[in-house]
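Asker: First the structure, which I've put down as structure tokens, then a few questions once you've had a look.
The values are calculated or read from the model by the stated rules, or taken from the named source; none is laboratory data. All values derive from a computational prediction rather than experimental measurement. Here Cβ is always computed from backbone atoms with ideal geometry, including for glycine, and neighbour counts include all displayed protein chains.
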Amino acid sequence: MTAIRTVIVTIPPMFRDLIIHLMAKHDGLDVVEEFTAREGLEERLPPIAPDLVLVGLARNEGDEIGLSLVRRLPTAKVIAFSSDGRHAFVHGMQPQRTELLDVSPQALIKAIIASHAN
């Protein structure tokens, strides 16, 4: 399995630590960069060439950032997480997003692996 190069963006520290811990338990899931702010993000990501971007949404923010990042990184998938961690949306190069109905740790890892397989 080819490593899934993952970038984490603006995810709250406790949730970010959980994600990193979960990913470390699986071969081929590599966090290659973390950003605590989005300024200049769309310019900083292409040189990194991530396969997956995990982005945290601010309270009451829509997940438009997911579509914006996919347009900038057409080969990457983007998973956008609501600020409360209860909702997540997968973006790829299709006209619609896919909502993850289960955001448990196991479901999250399955979604990350599945996003790379598709």
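Asker: Tell me, yes or no, whether segment 59-77 has at least one residue that is out of contact with any Asp or Glu (no Cβ under 9 Å at 6 or more places or on another chain), surrounded by 14 or more Cβ atoms within 10 Å (Cβ to Cβ) and within 14 Å of I8 (Cα to Cα).
Answerer: yes
Asker: Within the set of pairs 6 or more residues apart or between chains, which connect a residue that is farther than 15 Å from R86 by Cα inside segment 105-118 to a residue that is of a type in the set (S, T, N, Q) and at pLDDT 80 or above with Cβ atoms less than 8 Å apart?
Answerer: Every condition considered, the pairs that remain are I112/T6.
Asker: Quick check on my filter: what residues within segment 78-104 are free of Cβ contacts under 8 Å to residues at least 24 places away in the same chain, in contact with a helix residue (DSSP H, G or I) (Cβ under 8 Å, 6 or more places away or on another chain) and either of a type in the set (K, R) or under 16 Å from I8 (Cα atoms) (or both)?
Answerer: Across segment 78-104, the qualifying residue is only A88.
Asker: Here's another thing I want to ask about it. Give the residue that is modelled with the lowest pLDDT, with candidates limited to residues of segment 1-45 that are surrounded by fewer than 14 Cβ atoms within 10 Å (Cβ to Cβ) and among the hydrophobic types (A, V, I, L, M, F, W, C).
Answerer: Residue satisfying both the conditions and the ranking: M1.
Asker: From the list L73, L29, L54, pick out the single residue that is farther than 25 Å from Q106 by Cβ and touching a residue at least 24 places away in the same chain (Cβ under 8 Å).
Answerer: L73
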